[in-house]
1. Across the range 66-116, which residue is surrounded by the most Cβ atoms within 10 Å (Cβ to Cβ) among those that are modelled with pLDDT under 95, in a helix (DSSP H, G or I) and within 20 Å of the chain's Cα centre (by Cα)?
2. Being within 16 Å of Pro127 (Cα to Cα) and either surrounded by 21 or more Cβ atoms within 10 Å (Cβ to Cβ) or at pLDDT below 95 (or both) is the filter here, so list the residues in the range 154-175 that pass it.
3. Here's a check for you: in the range 257-295, which residue that is assigned to a strand (DSSP E or B) and touching a Leu at 6+ places or on another chain (Cβ under 9 Å) is nearest to His14 (Cα to Cα)?
4. Evaluate the following for Ile141: is it out of contact with any His (no Cβ under 6 Å at 6 or more places or on another chain), surrounded by fewer than 17 Cβ atoms within 10 Å (Cβ to Cβ), in contact (Cβ under 8 Å) with a residue 12 or more places away in the chain and of a type outside the set (Asp, Glu)?
5. List the residue pairs whose Cβ atoms are under 7 Å apart, where the first residue sits in the range 268-287 and is on the phi > 0 side of the Ramachandran plot, the second is of a type in the set (Lys, Arg), and the two are 6 or more positions apart or on different chains.
6. Look at Asp345 and say whether it is part of a loop (DSSP other than H, G, I, E, B), surrounded by 15 or more Cβ atoms within 10 Å (Cβ to Cβ) and in contact with a Lys or Arg (Cβ under 9 Å, 6 or more places away or on another chain).
7. When only residues in the range 206-249 that are closer than 26 Å to Ile57 by Cβ, of a type in the set (A, V, I, L, M) and modelled with pLDDT of 95 or more count, which is surrounded by the most Cβ atoms within 10 Å (Cβ to Cβ)?
8. Within the range 72-93, can one find any residue that is over 26 Å from Met354 (Cα atoms) and touching an Asp or Glu at 6+ places or on another chain (Cβ under 8 Å)?
Amino acid sequence: MLEFELLQTDPASHARRGRMRLNHGVVETPIFMPVGTYGTVKGVTPASLEAMGAQIILGNTFHLWMRPGLDVMAGFGGLHRFEKWEKPILTDSGGFQVWSLGEMRKISEEGVKFSSPVNGDKLFLTPEISMQIQTVLNSDIVMQFDECTPYISVEPKTKGQLTTELEARSSMELSLRWARRCQAEFARLQNPNALFGIVQGGMFEHLREQSLNELVEMNFPGYAIGGVSVGEPKDEMLRIMAHTPHRLPADKPRYLMGVGTPEDLVEGVAQGVDMFDCVMPTRNARNGTLFTRFGDLKIRNARHKMDPQPLDDTCTCYACAGTSGVPYADGGRDGFSRAYLHHLDRCAEMLGPMLASVHNLHYYLNLMSEVRAALDAGSFGAFVTQFKADRVRGV
């Protein structure tokens with residue numbers, strides 16, 4: 001089940017405020033979805049995710065199929081009970097992971113043959129098998145199995161060159177045929193959740209429009225934009241972001257896959273995107289990069305060794321504000337200092353990336369909360385102006 005309600009639109013942009021009702025709860029949009037590839041958002045407990053306002057998280061079909069396997073998933077009745085997360089879950093189809101295997105996989109009309117990166121077993125993933133796996137996972141939003149169009153060609157004759165229009169068309173049309181097969185199998189399985197189609201077409205607008213138009217004819221409950229953040233320059237990604245989302249049906253949710261920085265999210269909202277996911281908050285946290293209202297902070301830099309400040313004195317996450325939720329409680333600090341986080345990072349203590357992940361995810365989720373509030377108040381344009389000014393101020 002998926003019900004989408006459009007609540008507000010911004011007259012000066014394509015930004016919109018919406019609400020999705022799914023089998024495991026309600027999701028307010030625009031929304032950022034933390035990535036939990038293996039059934040866990042790395043270094044963050046489900047209780048912490050709920051406390052910071054996460055409404056929906058991701059799991060990955062490919063990786064959960066590898067480990068722990070469908071027998072375990074079926075035994076728990078799906079992913080929710082297994083990972084102790086009762087709110088909605090979206091699962092990727094496995095298409096991006098298959099794409100990332102490069103020469104280790106062989107694509108045909110039927111599906112993809114590849115060797116398991118876990119134990120080397122010969123495996124075959126098809127649109128039908130992807131639907132079967134995601135039905136066992138019982139994810140609220142199921143993604144079609146698609147072929148991710150690369151920015152750089154992997155074809156033997158053009159390998160290492162920009163993907164040609166002919167290659168992008170062939171890939172996009174294969175994804176459309178797979179979309180129909182996914183839809184048929186999803187219906188056969190009587191899956192009670194929602195299946196999204198994925199717009200492909202590489203960096204070619206006319207191919208994006210063909211993909212979009214044919215997917216809309218199939219009448220999916222929601223649509224995603226795939227094939228971005230696959231190695232293309234930022235201006236190319238922004239060009240596709242400006243072209244595609246607002247052309248999708250206004251009464252269906254729109255999901256931009258695998259994007260991105262805080263600036264990308266705000267720009268995506270302005271172009272009509274409702275849903276985002278990206279590994280950047282947790283991956284960057286593990287590498288010592290923290291997102292703040294006033295720009296990005298490299299906690300490994302020596303200048304933080306003696307710094308008593310929190311990461312962001314406006315942030316109410318546990319890392320910045322402790323259990324009080326107030327960055328400066330009673331004239332003191334209830335959270336952790338930059339000096340302490342610098343120390344944890346330099347000593348490779350696991351608490352360091354855990355606190356950093358909590359902070360980064362809180363920042364992303366709070367950013368989306370502020371976007372929703374601005375749309376509700378009719379002040380999205382002013383919000384964007386202030387957001388940009390704050391982000392370049394520096395920390």
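1. Gly95
2. Selection gives Ser171, Met172, Ser175.
3. It comes out as Met275.
4. Values: out of contact with any His (no Cβ under 6 Å at 6 or more places or on another chain): yes; surrounded by fewer than 17 Cβ atoms within 10 Å (Cβ to Cβ): no; in contact (Cβ under 8 Å) with a residue 12 or more places away in the chain: yes; of a type outside the set (Asp, Glu): yes.
Judged against the criteria, Ile141 is not a match.
5. So the pair list comes out as Gly272/Arg16; Gly272/Arg254.
6. Details: part of a loop (DSSP other than H, G, I, E, B): no; surrounded by 15 or more Cβ atoms within 10 Å (Cβ to Cβ): yes; in contact with a Lys or Arg (Cβ under 9 Å, 6 or more places away or on another chain): yes.
Judged against the criteria, Asp345 is not a match.
7. Ala224
8. Yes, that holds for at least one residue.
The values are calculated or read from the model by the stated rules, or taken from the named source; none is laboratory data. Predicted model, so just to flag it, every value in this text is computed and none were measured. Note: ideal-geometry Cβ built from the backbone for every residue, glycine included; neighbour counts use all protein chains shown.
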